[in-house]
Amino acid sequence: MKDVAQKAGVGLGTVSRVLNKSGYVSEEAQQKVWEAVKQLRYVPNGVAQSMVTKHSYTLGVVLPDFTNPFFPGLARGIENEARKHGYTIIMIDTDWQEHNESQAIDTLRQRSIDGALLVASANALSFVHRLCEAKIPVVLLDRGVEDLDAISQVTVDHYKGACKAMAWAYEKGYTRVGFLSGPAKVSSANLRLRGYLDAIGRGDVAVDEIEQHPELPVVRADFSFEKGRQATEELLRTHPDVTCIFAANDLSALGALSYLTARGIAVPDDIAIIGFDDILMATLVHPSLTTIRQPTYEMGTLAARLLLQQLADPRSKPEKHILEPTLIVRQTC
Ligand code: RIB
């Protein structure tokens, strides 16, 4: 900064105000500073800058699984919106582990981020409380928390998406539909299981009691490809009359497809499959996957916009957005 000040012929304070966009500086002085910055190829020290402005212009993004193509799509929406407003993002993958989420909060606090976007695994509420205690503004996305009006949330209507998938299966004439469920205690997974159970007329079964109902064609696959394969094997062994499999996400649906085609079971002629997410791979496999599309990119940009709005005006009211899922019919059902 001293070199810039000397070259521009202004004081250090002027350079600081220009770089941190804080306080009045004449047009002429601003031009001199930016010209000196360009000639010296000066890059401000972000950490030092944040100590002056109390803003790091950095957002923290906490996701459970970078290996699942759904999340990079979400992150892309966040990143593009953040960049438009001069922010960068720090992304942390918690690998579905709650203790990693706890470490993630410590990391975000140390990096003095301005705000956080969180896709929580199971206990979103305690995560949110930790961030609020740390006075880090947070927006929840993808997995909402019921009755939490203090912060903004952006999710898709998981329940409605499951109902749309089941309505399509019935419309296609399938009457014995099995379900590959997602991780226990994850709100997106539970809402889809709720939609499935209501569609098969078992509104009496609570989602957290599903393990007590082996008579129902439901096997946990935890949103995973490999567990989707294993769960399909178990589902067909315990419920051989299943003619359609609805999976709680695309990766586990692709696991089911892999298992069935490896055993020469024709999809959809012998057994149909419906997924949930509409990741790119859904169109790349053969037969291509019928699924429920989430507006993933839009979810990311909207969540980032809500957080930036809150940073600009801390008095702005939190908003809850539940976006519309869409049935995408391809070849597996
Ligand atoms: O595929 C991962 C799943 O976890 C997606 O359906 C998304 O909604 C998230 O909850």
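The values are calculated or read from the model by the stated rules, or taken from the named source; none is laboratory data. These figures come from a predicted structure and were not determined experimentally. Note that we place each Cβ from the backbone using ideal geometry, even for glycine, and neighbour counts take in every protein chain shown.
Some points to look at:
- Any hit, region 224-238, residues being within 16 Å of Ala162 (Cβ to Cβ), among the aromatic types (Phe, Trp, Tyr) and within 16 Å of the ligand (Cβ to nearest atom): no
Residue-by-condition table, conditions (1) part of a loop (DSSP other than H, G, I, E, B); (2) assigned by TED's automatic domain parsing to the domain that holds Pro183; (3) surrounded by 24 or more Cβ atoms within 10 Å (Cβ to Cβ):
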| site | (1), (2), (3) |
| --- | --- |
| Gly228 | no, yes, yes |
| Thr232 | no, yes, yes |
| Val242 | yes, yes, no |
| Val267 | yes, yes, no |
| Asp270 | yes, yes, no |
| His286 | yes, yes, no |
| Ala303 | no, no, yes |
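- For region 90-110, a residue qualifies if it is touching a helix residue (DSSP H, G or I) at 6+ places or on another chain (Cβ under 7 Å) and either closer than 27 Å to Phe276 by Cα or modelled with pLDDT of 95 or more (or both), and the qualifying residues are Met91, Ile92, Thr94, Glu101.
- Helices (runs of 4 or more DSSP H) fully within region 91-200 counting 2 or more residues that are within 12 Å of the ligand (Cβ to nearest atom) and over 20 Å from Arg76 (Cα atoms): 158-171, 187-199
- Checked against (1) free of Cβ contacts under 8 Å to residues at least 40 places away in the same chain; (2) not in a helix (DSSP H, G or I), Thr261 passes all but condition (2).
- Residue in region 140-158 that is closer than 17 Å to Ala248 by Cα, among the acidic types (Asp, Glu), touching a residue at least 24 places away in the same chain (Cβ under 8 Å) and surrounded by fewer than 19 Cβ atoms within 10 Å (Cβ to Cβ) present: yes
- Within region 201-223, considering residues that are within 16 Å of the ligand (Cβ to nearest atom) and part of a loop (DSSP other than H, G, I, E, B), the one surrounded by the fewest Cβ atoms within 10 Å (Cβ to Cβ): Asp222
- Restricting region 38-79 to residues that are of a type in the set (Val, Ile, Thr), in a helix (DSSP H, G or I) and modelled with pLDDT under 90, the residue that is farthest from the ligand (Cβ to nearest atom): Val52
- Any hit, region 310-321, residues being within 16 Å of the ligand (Cβ to nearest atom) and in contact (Cβ under 8 Å) with a residue 12 or more places away in the chain: yes
- Test: residue in region 12-19 that is exposed (fewer than 13 other Cβ atoms within 10 Å of the Cβ) and either at pLDDT 90 or above or small (Gly, Ala, Ser) (or both): yes
- Residue among Ile90, Ile113 that is of a type in the set (Val, Ile, Thr), assigned by TED's automatic domain parsing to the domain that holds Ser152 and surrounded by 19 or more Cβ atoms within 10 Å (Cβ to Cβ): Ile113
- When Ser126 is tested against (1) farther than 13 Å from Leu307 by Cβ; (2) among the small types (Gly, Ala, Ser); (3) within 17 Å of the chain's Cα centre (by Cα), exactly one condition is not met: (3).
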